[in-house]
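The values are calculated or read from the model by the stated rules, or taken from the named source; none is laboratory data. The structure displayed is predicted, hence computed values, not measured ones. Methodologically, a virtual Cβ is constructed for each residue, glycine included, from the backbone with ideal geometry; neighbour enumeration extends over all protein chains shown. Just so you know, the surface numbers come from the protein's heavy atoms only, side chains and all, with ligands and any DNA or RNA stripped out. Shrake-Rupley method; radii C 1.70, N 1.55, O 1.52, S 1.80 Å.
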Amino acid sequence: MLSPNCIELEVEIKTLIKVWLKVLTSLCYCYFISSNIPKGILRLLSLSPILYLFTILPFQLSFVLPIGITSFFITWLTNFKLILFAFDLGPISSNPKISLPLFLILACLPIRITQKQKHPLNQNQSKFNLLLPIKTLLFGLFLIGLNGHIKKKVFYPTITIVSLYCSLIYLLLDLVVGFFNILINSLFGIRLELPSNEPYLSTSLGDFWGKRWNLMVTYILRHTIYIPMRILMSKTILGPQWAPLFGIIATFLVSGLMHELLFYHVTRVTPTWEVTCFFVLHGVCVVVEVGLRKWLGQKCRVHWAISGPITVAFVVATAAWLFFPPLLRDGADQRSIEELNNVVHCVMKKFRGSNFFDPHF
């Protein structure tokens, strides 16, 4: 007889399948119907019911990880890709039209076909694939360490816990996107953009956010927020020289708001706007970096051995201050660990029999 935890897991899996079937069905509508509507406002209006549906879909789920992945993949990235699609832009543009399977994959997953002539990251694909097993091992070890801390078996200093959370987020994104990259490359023979580019080697905040961290999000925000705002503001009193700075602030603000929505999906708690403050703070710091670089030129260059650790330390410190507290206060981290433990328990019980089930795992 299934335990209550296993029954709950089974219900969640069935709900997750239904949610993603709704996603695929909605994207088929976008492919067959919306793509035949002239690009622009009319096509965007035809997509508005889908944008709304994708925003509320995570509320149908109850487990932290499925909610987080669905919110990130669908509510954020897919919705923004569809906004670009409304104007025949972005990775799922209807000009030229791509096949339905490729449209669904590029729309649903945080992946993008590499532009070989523009991105040197292709040279790092083999290195990235070789590092995946190591990252998988590290993810497992860090998860075990965090599990011990949450269950009060091991106590770590605050800086260690924050570093663990930062590392787990980085590794989880790389592993999930890296897995899909390998799968899609095997099925379709296409090379995809890497999920990240060694963000721990960043030498500035601009380098971290613009060239190394979560490159799919960087691409989406650049084309949906930064470029349109830069073009719009260059026609105002700011002019083309200062318009990029306004575009940077707007981009970080939108990123903060989307993270607030993602956190709200997970916690179901009224936003405290700490996450938005985190991203606005980083946006202001990037603007200061750009301004100093324009003002001082090469004089403001700091050796990477100094700027690198300062950059990483600033990201970790501000994340501990503003980014993680909304999740930790709600206990989302504890719930996610408990849910992963329940998955392991239920799988063991399913394939090895109830005698192997250990509730104290």
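A few remarks follow.
- Translational diffusion of region 262-351 was estimated from the Stokes-Einstein equation, with Rh taken as the Kirkwood radius over Cα pairs; at 37 °C and 0.692 mPa s the coefficient is 200 µm²/s.
- Of (1) 0.99; (2) 1.15; (3) 1.05, the label for Cα Rg over 2.2 N^0.38 Å derived from the coordinates: (3)
- Phi-based couplings in Hz for region 14-27 (Karplus 6.51, -1.76, 1.60; Gly and Pro marked x): 4, 5, 4, 4, 4, 4, 6, 5, 5, 4, 5, 5, 5, 5
- Modelled FRET efficiency - R0 56 Å, R293 with K18, Cβ distances, 0.05 increments: 0.65
- Charge dipole magnitude, Cβ of K and R +1, D and E -1 - the chain, Cα centre, debye nearest 20: 820 debye
- Within the accessible surface of region 255-354, defined with a 1.4 Å probe on protein heavy atoms only, the carbon and sulfur portion equals 68 percent.
- Per residue, in Å², the accessible surface of the chain once ligands and nucleic acids are set aside, probe 1.4 Å: 53 Å²
- If you wrap the Cα atoms of region 218-301 in a convex hull and average its projected area over all directions, you get 6.6 nm².
- Accessible area of R293 (1.4 Å probe, protein heavy atoms only, ligands and nucleic acids ignored): about 120 Å².
- Of the whole protein surface, C277 contributes about 70 Å² of accessible area at a 1.4 Å probe radius.
- Net charge of the neighbourhood of F63, taken over other residues with C-beta under 9 Å away and scored Lys/Arg +1, Asp/Glu -1, is -2.
- Electrostatic bookkeeping for A243 treats Lys and Arg as +1 and Asp and Glu as -1; over the other residues with beta carbon under 12 Å from its beta carbon, the sum is +2.
- Taking the chain as a Gaussian network of alpha-carbon nodes connected by springs under 10 Å, the highest mean-square fluctuation of the residues I134, I41, I237 belongs to I237.
- If you run the Gaussian network model on the chain, springs between alpha carbon atoms under 10 Å, then out of L143, L328, L106 the most flexible one is L328.
- Convex hull projection area averaged over all views, region 163-314, Cα basis, nm²: 11.5 nm²
- Residue list for region 40-59, given a label point 7 angstrom along the Cα-to-Cβ vector of N95 and an amide N cut-off under 12 Å: 40
- In terms of its C-alpha gyration tensor, region 169-237 comes out oblate, because a/c is 1.5 or above while a/b does not outweigh b/c.
- Built amide H within the under 5 Å cut-off of L192, gap 5+: T114
- Taking the convex hull of the alpha carbon positions in region 158-197 and averaging its projected area over all directions gives 2.8 nm².
- At q = 0.09, 0.16 Å⁻¹, base-10 log of I(q)/I(0) for region 118-227 (Debye sum, equal scatterers on each alpha carbon): -0.29, -0.83
- Across region 340-351, coupling constants 3J(HN,Hα) worked out from phi with the 6.51/-1.76/1.60 Karplus curve, θ = phi - 60°, read 5, 4, 5, 4, 4, 4, 5, 5, 4, 5, 5, 9 Hz, and Gly and Pro carry x.
- At q = 0.24 Å⁻¹, base-10 log of I(q)/I(0) for region 209-262 (Debye sum, equal scatterers on each alpha carbon): -0.89
- The chain: most fluctuating residue of P157, P240, P326 per GNM, C-alpha cutoff 10 Å: P157
- Modelled spin labels at S126 and S62, positioned 7 Å past Cα toward Cβ, are 4.9 nm from each other.
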